[in-house]
1. Does at least one position in segment A:60-80 carry a residue that is within 16 Å of ligand 2 (Cβ to nearest atom) and in contact with a strand residue (DSSP E or B) (Cβ under 6 Å, 6 or more places away or on another chain)?
2. What residue, among those in segment B:135-144 that are more than 7 Å from chain A (Cβ to nearest Cβ) and buried (at least 16 other Cβ atoms within 10 Å of the Cβ), is farthest from residue A:69 (Cα to Cα)?
3. Pick from segment A:12-28 the residues that are touching a residue at least 24 places away in the same chain (Cβ under 8 Å) and either within 16 Å of ligand 1 (Cβ to nearest atom) or on the phi > 0 side of the Ramachandran plot (or both): which of them is nearest to the other protein chains (Cβ to nearest Cβ)?
4. If I ask for residues that are assigned to a loop (DSSP other than H, G, I, E, B) and within 7 Å of chain B (Cβ to nearest Cβ), which ones from segment A:50-83 would you list?
5. Between A:1, A:51, which is without any contact (Cβ under 8 Å) to a residue 40 or more places away in the chain and surrounded by fewer than 22 Cβ atoms within 10 Å (Cβ to Cβ)?
6. Check B:120, B:167 and return the single one that is touching a helix residue (DSSP H, G or I) at 6+ places or on another chain (Cβ under 9 Å) and assigned to a helix (DSSP H, G or I).
7. Could you name every one of the helices (runs of 4 or more DSSP H) located completely within segment A:133-225 that has at least 3 residues being within 16 Å of ligand 1 (Cβ to nearest atom) and under 14 Å from the mean Cα position of the chain (by Cα)?
8. Return the residues of segment A:84-102 that are within 19 Å of residue A:135 (Cα to Cα) and more than 8 Å from chain B (Cβ to nearest Cβ); say none if nothing qualifies.
Ligand SMILES: Nc1ncnc2c1ncn2[C@@H]1O[C@H](COP(=O)(O)OP(=O)(O)OP(=O)(O)O)[C@@H](O)[C@H]1O
Ligand SMILES: [Mg+2]
């Protein structure tokens, strides 16, 4: 469990990055922080592993104030997937992934064995193990970053726009893999993104931030879509543009989902949704997405 | 004495008699290298830790740059003479001067090696849970190694070229030929001594250039 209690962060120089932020994140929960650039997302995330210390207020892990914890030990116990991968350029893929376990005293052999497993889990070709980061594509670097974040098997995983630097197709793939991983591993995840669709896909709950780390709305994707708290949220999630207003049209005997612009967004599966939107969402939506599964 | 001094110097060098014995070229070269190595080593023990500290923390930067500037501005011959007056004839005076001569390059090399590390990479290393010492030894130094070796290279070339001054106050090294030649107006010997010093400086410069290449961190230059 991660707690933010009236957290405020003022950087030297006077920027007020976070005004007064309070939030509780349950264990095994994935929370997505989403907001415009400069709204304090990274600042909030880095207060969890003490890369940033709050000016006032408390950040707690399982009730204990992180301010009293040794920062080095704390950071080694938390997986941190950084924006733009943050890999060490002079170390191979394998050595990057084993960084934290080796710091924690795991034997090199054991750490490497685990790293190879993780490479498989995040979908990296084993042949890439001896490459250097500069010899990888952006998407491969991001995957190495995710593998490194998972390497020490942390309970908490911080992910700062981990899929920001890749094209939409690879991003979609990585998001899918993260969802699959999370179903298995049940980490406590704090996920930062600019992209509301990504936030809805990854987050059990989504926190929509205004500048200054002010919370515009917290809730499940369903709650936010069903009842946007205000115009800011409505415009952020695209509800005002009708982008999220879908309707059903019957075409050639099938129920086709059509968006506000009249474009087909998917096909309704044979059995109509029985409520339980939560479980459905976890397995991919009940409507298959356009372009991915052409009708037979 | 009417012959061309350069042909004379070559003849002097070609004489097999000069290539053996305690005053022979090999022995003097070893002495010369020894002074150089000792001067650079002592200077490195002082300057490298300070440079790494200043580069990593950014503290005392102005002081270090200022001190290096002052050390650079001191005339080495003057220093050797001054120290010789203070501590007497022998090796101590020139060695002290060589140390002072070598410090600015080493300090700048160590400092810039660490300071050149990409702040994002250092931040990433810290965020993964490296201690400050681990960041220095496992990230900043490996990445900055060519600059660090570059500092050693600069210092070595300066000291090796200046180490002839050891003979000025009675010690050995290749400077012996130069000062002997100067004393007896034996220009071929003087020139031969200078040529040997120049050749040694070039060889060391090349060797350290190769070391700089070899220590470049893998993975940072994509072929
Ligand atoms: N180290 C720092 N020193 C001073 N100001 C900072 C520092 N880090 C961030 N800020 C400022 O704090 C505010 C919030 O920054 P933060 O990085 O948390 O935003 P963000 O929501 O992550 O933005 P982005 O989406 O662009 O990554 C910004 O105005 C930023 O300029
Ligand atoms: Mg950010």
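1. Yes, that holds for at least one residue.
2. Within segment B:135-144, the match that is farthest from residue A:69 (Cα to Cα) is B:144.
3. Going through the qualifying residues, I end up with A:17.
4. Answer for segment A:50-83, where residues must be assigned to a loop (DSSP other than H, G, I, E, B) and within 7 Å of chain B (Cβ to nearest Cβ): just A:51.
5. Checking each option against the conditions leaves just A:51.
6. Testing whether each residue is touching a helix residue (DSSP H, G or I) at 6+ places or on another chain (Cβ under 9 Å) and assigned to a helix (DSSP H, G or I) leaves just B:167.
7. Once the helices (runs of 4 or more DSSP H) in segment A:133-225 are filtered for at least 3 residues that are within 16 Å of ligand 1 (Cβ to nearest atom) and under 14 Å from the mean Cα position of the chain (by Cα), what remains is A:196-202.
8. A:85, A:93, A:94, A:95, A:96, A:97, A:98 - these are the residues of segment A:84-102 that are within 19 Å of residue A:135 (Cα to Cα) and more than 8 Å from chain B (Cβ to nearest Cβ).
The values are calculated or read from the model by the stated rules, or taken from the named source; none is laboratory data. As the structure is a computational prediction, the values presented were derived from the model and not from experiment. Please note: Cβ atoms are built from the backbone with ideal geometry, for glycine as well, and neighbour counts cover all protein chains shown.
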